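**Student:** Below are the structure tokens for one structure; questions will follow.
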Amino acid sequence: MTDELKTQWEQKTFIVSPYPLLRVDENGAAAVNNPFVATDIPFHLCVNSENTDPSAHLGCAIFGASKIRNEKIIFIENIQLKKETGSKIMEVQVKLKGSGAVLKVTSVPY
């Protein structure tokens, strides 16, 4: 990454309690709000494939169902992003349907 791209990344903010990347409603309809569609952005978010449209492999037509590697089915309720201005670190939060804590993945592009 160039110094300019690093500065742009560090100034980016995803904190709208946090930023909703994907939500699946009660009827199984998905709302995708992917900020990583440009080719010069260091992140490409994918779910179960290399397709950068997160809803492509979530089975959104069947209420957010997604098969994992061992063929079990999980239900993704939402995926959210959290990043503060001035930070290199971005957190991806995944909420599965049912009980349990939110899954969190921390990522840094450089």
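The values are calculated or read from the model by the stated rules, or taken from the named source; none is laboratory data. The structure presented is a predicted model; accordingly, all values stated were derived computationally and were not measured. Ideal geometry is used to build each Cβ from the backbone, glycine not excepted, and the neighbour counts take in all protein chains shown. Quick note on the areas: whole protein, heavy atoms, side chains included, nothing else; ligands and nucleic acids left out. Shrake-Rupley method; radii C 1.70, N 1.55, O 1.52, S 1.80 Å.
**Student:** Highest mean first, what order results for 98-105, 71-78, 87-94 on Cβ atoms within 10 Å?
**Tutor:** Values: 98-105: 9.2, 71-78: 14.5, 87-94: 16.2.
Per-residue Cβ counts within 10 Å, averaged per peptide and sorted highest first, yield 87-94, 71-78, 98-105.
**Student:** Which of the lysines could a cross-linker bridge to residue 72, judged by Cα under 19 Å and excluding same-chain residues fewer than eight apart?
**Tutor:** Correct list for residue 72: 95, 97.
**Student:** A follow-up question, please. Rounded to the nearest 10 Å², what accessible area does residue 3 show when all protein chains are kept and the probe is 1.4 Å?
**Tutor:** 120
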